[in-house]
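The block underneath contains the structure these notes are about, expressed in structure tokens.
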Amino acid sequence: MLTLLGKPTRTFCDGQSRRDFLRIGALGFGGMALPDLLRVEAQAGIRKSHKAVINIFLPGGPPHQDMFDLKLDAPREIRGELRPIATNVPGIQISELLPRTAAIMDKLVLIRSVVGAIDDHNAFQCQTGRLARGATQPPGGWPSLGSVLSKLQGPVDKSVPPFFGLAPKMGEMRWADAGKPGFLGVGHAPFKPSGTGKDDMVLDGLTLDRLDDRKRLLTSFDQFRRDVDGSGLMDGLDSFTQQAFGMLTSSKVLEALDLEKEDPKVRARYGKGDPKNRDDGGPKLMEHMLMARRLVEAGARCVTLAFSRWDHHGRIYDALRQDCPLLDQGFSALIEDLHQRGLDQDVTVVLWGEFGRTPKINNQAGRDHWPQVSCAVLAGGGMRTGQVIGGTDRMGGEANDRPVHFGEIFATLYNRVGLEANQVTIPDLTGRPQYLVDGWEPLKEVI
């Protein structure tokens, strides 16, 4: 197997010093073949317009009562230590820890009444709109939104995969789930750049600058072909594999992943996060939000990422005072950047977690799991923004005004990229047609 090596990185938990790497036969897919991704070209008709989704997952369950739905009239053990501040939309308030987000509320849709979650630390519901457990899945499992877009709409550019997953390695890998292809197959799995991505685009010490033509690149794989054929795993490299090499000789993905090519002022606006893993949670990488914008500009249809760790059963306010300002900077920069670059009509952004937190603060000064209600933020996509949808009771424990199901949000995301979730079907592995979302309509408030 020919390996594309990047620079040495940190020592992993097994004590071995490794390099982040991508393999041609499994380029960024954890054993899944990149050539399969390019088979989406067999799908008829790629849309002329390039619509895209950026899905920002907050692993662990962010506290809605301390971020977007503060309850000043509730007892102290409910309302907590933080105070609300005014946003640039009269009548809408959010946490004092999110001042930059407050300043762009006119560009956002705040949903305070998300329901339908279960007590399960899993990104699955935020990737598919469906439950990971407690409900029957078709053979192969439900595909994520990015995989559906890959299947139905294909690549915008042959050298740019339609689906990217930027979630970094975490102690709890269910939080790092970038989205699975389910019954659509590995050809529609997310492309996952390893490490910073750009340093991995090197062929055994042979840089792309030294590749004068495709023949030299293909020659580099002669031994790979023989090794694989000799093992009986495959008959040879087909035409889709040769097209996969085209991604390596194109500069589009490489440049999109290279943040050094971005305007320094723009990079400074997003900020530089903390790459460290703490406990079972993930890094705080505002750079990934900038990378997501660059990838959709390059041609990606869906980019998923995960930011930090929000499962604060203890000392929640210490954690929020560290994390919220970073999220505030990166998220607000992304939304402003999309508007400034004229992408706000075509790129839809969603920010959310798997569930909310308990109304009452526990004895460890934290909040526990609360699947009864949570929050989400939408932006872009040509939606009607500057509004709040839904509300919760005085304690922030139940949706008492316009409950919004995960399925409704997914139907809205599909609608924004030109797919009607209750009209379009995809056959599963048994040949049975499956709707993109069962029984849910897009949010009428935003479209």
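What follows draws every value from the coordinates through simple rules; no lab data is involved. Here the structure is a predicted model, which is why all the values come from computation and not from measurement. We place every Cβ from the backbone using ideal geometry, glycine too, and count neighbours over all the protein chains shown.
Structure above, values below:
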{"item": "Nearest-0.05 FRET efficiency for LEU343 and ASP120, computed from C-beta distance (R0 30 Å)", "result": "0.35"}
{"item": "Residue-span extension gain [ASP73 to LYS276] - 0.36 nm each, minus C-alpha spacing", "result": "69.3 nm"}
{"item": "Contour minus Cα-Cα distance for LYS169 and ARG321 (0.36 nm per residue)", "result": "52.4 nm"}
{"item": "Fewest-first sequence of CYS302, CYS324 by Cβ atoms within 10 Å of each Cβ", "result": "CYS324, CYS302"}
{"item": "Hydrodynamic radius by Kirkwood, which averages 1/r over all alpha carbon pairs of the stretch 72-174, in angstrom", "result": "17.9 Å"}
{"item": "FRET efficiency, ILE85 to LYS158 (Cβ-Cβ, R0 45 Å, nearest 0.05)", "result": "0.45"}
{"item": "Full-extension gain in nm, ALA268 to ARG432, via 0.36 nm per residue minus C-alpha separation", "result": "54.1 nm"}
{"item": "Simple spin-label estimate for LYS444 and GLU297 in nanometres, 7 Å along Cα-Cβ", "result": "3.9 nm"}
{"item": "Three-way shape label, the stretch 305-421, alpha-carbon gyration tensor, a/c 1.5", "result": "oblate"}
{"item": "Computed FRET value (nearest 0.05) for VAL424 with ASN362, which takes r as the C-beta separation and R₀ as 41 Å", "result": "0.40"}
